[in-house]
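Only one structure is covered here, and it is reproduced in the block below.
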Amino acid sequence: METKKTQVAIIGAGPSGLLLSLLLNKQGIDTVILERVTGNYVLGRIRAGVLEQGFAKLVRQAGAGHNMDTLGEVHHGVELAIDDKRVPIELTKLTGESVIVYGQVDITRDMMEEREKRGIEAIYEASNVQPHDVKSDNPYITYEKDGVKYKLECDYIAGCDGFHGVSRKTIPDELKTEYERVYPFGWLGLMSDTPPINDELIYAKTKRGFALASMRSKTRSRYYLQVPLTDKVEDWSDEKFWEELKKRMPKDAVKNLVTGKSIEKSIVPTRSFICEPLQYGNLFLVGDAGHIVPPTGAKGLNLAASDVATLYKILTRVYKQGDKKCIEQYSPIALRRVWNGVRFSWWMTDLLHNFGDDKDFYTQRMESSELEFFLNSEAGKKVIAEQYVGLPYEDLE
Ligand code: FAD
Ligand code: DHB
């Protein structure tokens, strides 16, 4: 077995792992990233499109914000639509803040390139990655690469390995609580090189189910449809997708819909999942490794970023000021913001999707009334806007 050494070992080269490594590198803190798949495979995951300003600031601080700031689009509003009634939520007018529409693939590629340029080590296609002795002062990770077994010694381990990763499983069952809600539908996403249907995103609630019109640029659109969990991508030809989208988007927006060949189509299940605590000894759970939200509020990646912000501040204090005790602040600080994001995502998901017979008539009427109340009130729209642009990051004590 070959032995290597670093200060912070990071499992997972998704957005969380890359962002953390770049930020720590700026502080002179050494990291090694271990990733199970290839870089191209990571870049094949389309996923998120909406970045909060807090996330964007971190990316700039990490030195990877150039493309985001030149190619990303600043959005000052978003629309909610109930059948054909469109309600603008004027984010900047209501909160002074905006969001940036820039794809997860692009931000990941930018961070990968920056990592390579700065010579930060990442080992792709590392198999059997396993953390050990995380409660001790000498934790380490074992893994294999090209048939050779390695031991990576470190001070701390950042588990940035997503929902299916190994980090969360390292915390003994009796020391963690997992909260989960699985929704009875998935999201079918389609990407196409066609101009977007509208300048702003449209989140649409209809009797036929939820739909979302998003984008990546002036010439690339991203659309989503709520579909039953039993549906397969093969059940959805491009034609069938566009026909259904036309029925769910508000009529006066459909006039602007340009259809075309899909360049990607996939179905994702929707769920909320939270693990408490997010820390076990010298192991930290970051991003999807510790929590998942349904995509309706565009919060998953943004919550990953706020975890990174907290852990970055903590590790900087540990290495610069020798304050090792502050690591205990990670889980409470991160979880406070996570639960806010979970609540907002749950609210948006519940109110905008069609749950069919899963919700009785009374509950459906209560929810319609709640949505109508929020959308007819400036205060209600402000509450939505404040959460959509993202709550502030909490500082360490
Ligand atoms: P991941 O991206 O899952 O990365 C984890 C990495 O760890 C992966 O590369 C994986 O290969 C690696 N890994 C796993 N196991 C191991 C192992 N054992 N050893 C080594 N490496 C391992 N969020 C938003 O904020 N805004 C949005 O608009 C938005 N839209 C979304 C739309 C969809 C359809 C979906 C599915 C998600 C969306 N999200 C959105 C959520 C967002 O994509 C995730 O929250 C984000 O990917 C989390 O990043 P992460 O780095 O924590 O985890
Ligand atoms: C996108 C995804 C989301 O979940 C969301 O809420 C907004 C936009 C997107 O992929 O563009």
The rounded separation in angstrom of the Cα centers of the stretch 155-181 and the stretch 47-74 is 27
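Would you work out the relative contact order for the chain, in percent, from Cα pairs under 8 angstrom that are 6 or more residues apart?
Details: 803 pairs, mean separation 79.4, N = 397.
Relative CO of the chain lands at 20 percent.
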Burial-style ranking of 381-387, 344-350, average other-beta-carbon count within 10 Å with highest first, yields 344-350, 381-387
Per the Kirkwood formula over distinct C-alpha pairs, the hydrodynamic radius of the stretch 55-114 in angstrom is 13.0
With +1 at each Lys and Arg Cβ and -1 at each Asp and Glu Cβ, the charge dipole magnitude of the stretch 338-397 around its Cα centre, to the nearest 20 debye, comes out at 200
Expressed in nanometres to one decimal, the distance between label points 7 Å along Cα→Cβ at residue 125 and residue 113 is 2.4
For the residue 1, residue 397 Cβ pair and Förster radius 41 Å, calculated FRET efficiency rounded to 0.05 is 0.50
Place a point 7 Å from the Cα of residue 193 in the direction of its beta carbon; the residues of the stretch 213-250 whose amide N falls under 16 Å from it are 216-222
A correct fewest-to-most ranking of 160, 154 by other Cβ atoms within 10 Å would be 154, 160
Answer in debye to the nearest 20: the dipole magnitude of the chain about its Cα centre, from +1 Lys/Arg and -1 Asp/Glu charges placed on Cβ, is 400
Sorted on mean Cβ neighbours within 10 Å (highest first), peptides 279-290, 253-264, 104-115 come out as 279-290, 104-115, 253-264
For the stretch 100-176, the percent of all C-alpha pairs falling in each 5 Å bin, from 0 up to the bin holding the max distance, is 3, 12, 17, 21, 20, 13, 9, 5, 1
Taking a straight Cα-to-Cα line shorter than 16 Å from residue 265, and setting aside same-chain aspartates and glutamates fewer than 8 residues away, one finds 193, 231, 234, 235, 238, 239, 243, 244
Distance in Å, no decimals, from the C-alpha centre of the stretch 196-260 to the one of the stretch 303-370 is 27
So the angle from the long Cα axis of helix 300-321 to the longest Cα principal axis of the chain, reported in degrees to the nearest 10, equals 30
For the table 218/261; 5/145; 232/381, the rows whose alpha-carbon distance is greater than 25 Å are 232/381
Label model pair residue 53, residue 323: point-to-point distance (7 angstrom along the Cα→beta-carbon line) in nm is 2.7
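Quick one: 249, 1, fewest Cβ neighbours within 10 Å first, how do they rank?
Details: 249 25, 1 8.
The order, fewest Cβ neighbours first, is 1, 249.
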For 354-366, 177-189, ranked highest to lowest by mean beta-carbon neighbours within 10 Å, the order is 177-189, 354-366
Beyond 19 Å (Cα-Cα) in this structure, taken from 299/382; 205/359; 169/299; 240/359; 85/255; 169/324, we find 169/299; 240/359; 169/324
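Bear in mind these aren't lab numbers, they're just calculated from the coordinates by the rules spelled out. Just so it is clear, the structure is predicted and the values come from calculations on it, not from any experiment. Neighbour counts are summed over all protein chains in view; Cβ atoms, including those assigned to glycine, are modelled from backbone coordinates with ideal geometry.
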